[in-house]
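Comments concern the structure below.
The values are calculated or read from the model by the stated rules, or taken from the named source; none is laboratory data. Bear in mind the structure is a predicted one, so any value in this text is a computation, not a measurement. Neighbour counts are summed over all protein chains in view; Cβ atoms, including those assigned to glycine, are modelled from backbone coordinates with ideal geometry. Surface accessibility is based on the protein's heavy atoms, side chains included, excluding ligands, DNA and RNA. Shrake-Rupley method; radii C 1.70, N 1.55, O 1.52, S 1.80 Å.
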Amino acid sequence: EEEIRDHIAWGSGGTCFALTSALAYLLRGLGWQTEYILADRNYGQNTHCALLLRMEGIPHLLDPGFLILNPIRLKDDGEQEIDTSFNRIVLTPEKNRERLSLSTIRKDAKTYRLTYKTSPVDEGEFLKAWDASFDWDMMKYPLLTRIAGSKQIYLNRARLQISNGVSVQKREIPSDALIAGIAAEFHIDPSLVARAVYLLKDKGELRGESASR
């Protein structure tokens, strides 16, 4: 509930765990059956999460952290390719469908992103992974993404990337324009952005225009 209230009031979002938890809360309130799953990335196990939504008993994938907002029906076997508004997703089953790797395709270039573990976890396991996330390196600098029509807007530190299925535009946001830039591109209340940037700078985690550590 808190994540939803903050989004309405401030335009804020959250980590993949906060977003997935909020989405599960909403869907369960509407009577849908959802289950948490965890995922591994190159930098560690259980560093991402998603939802399995049961529709007529058939599992569908939802991943708000990775901007998979329309349920993807998971097939019993075989690789799947799904077009989104800004790229193409490839889901490849592994180890008798115990794992499901996700890659993206843009300009015919395929890039591995993460691997879901398809066995659902209970609330305790989900919360344990969520708690551990606060110590990750990626929690020490701005990292934001959103969909705008047919484009994905993505910020890593101070590097802004706007992409669609055809082209990618990249630019660096100067440090003195970072707060205004984040507020404008991601529709977040400037006072909240300023507070977040202040906390990162106070910890020494945000330095220079590239905000590198």
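Worth pointing out:
- In the stretch 126-187, the inverse of the mean reciprocal separation of distinct Cα atoms equals 13.1 Å; this is its Kirkwood hydrodynamic radius.
- Counting protein heavy atoms only, the chain has 50 percent of its accessible area on carbon and sulfur, 1.4 angstrom probe.
- Rolling a 1.4 angstrom probe over the protein heavy atoms with all chains in place gives the stretch 116-174 an accessible area of 56 Å² per residue.
- Averaging Cα coordinates gives a centre for the stretch 23-55 and one for the stretch 63-101; these two points are 13 Å apart.
- Annotation note: GluC sites (Glu not before Pro) in the stretch 1-98 located in DSSP loop regions with a Cβ neighbour count of at most 10 within 10 Å are Glu1, Glu56.
- Computed E for Ala132/Val166 - FRET, C-beta separation, R0 41 angstrom, nearest 0.05: 0.65
- Its alpha carbons considered, the stretch 16-132 gives a radius of gyration followed by a Dmax of 13.7, 41 Å.
- Peptides 71-78, 39-46, 177-184 ranked from most to least packed by the mean count of surrounding Cβ atoms within 10 Å: 177-184, 39-46, 71-78.
- Semi-axis lengths, largest first, of the ellipsoid equivalent to the chain are 29, 21, 17 Å, with √(5λ) applied to each eigenvalue of the Cα gyration tensor.
- Rounded to the nearest whole angstrom, the semi-axes of the ellipsoid equivalent to the stretch 77-201, taken from the Cα gyration tensor as √(5λ), stand at 30, 22, 11, largest first.
- Taking the longest Cα principal axis of the chain as reference, the axis of helix 190-202 is set at about 80 degrees.
- Within-9-Å neighbourhood charge of Leu160 [Cβ basis; K, R +1; D, E -1]: +1
- Among Leu51, Leu91, Leu30, residue whose mean-square fluctuation peaks in a GNM of the chain (springs only between Cα atoms under 10 Å): Leu30
- In terms of packing, defined here as the mean over residues of other Cβ atoms within 10 angstrom, the peptides 189-197, 13-21, 142-150 line up highest first as 13-21, 189-197, 142-150.
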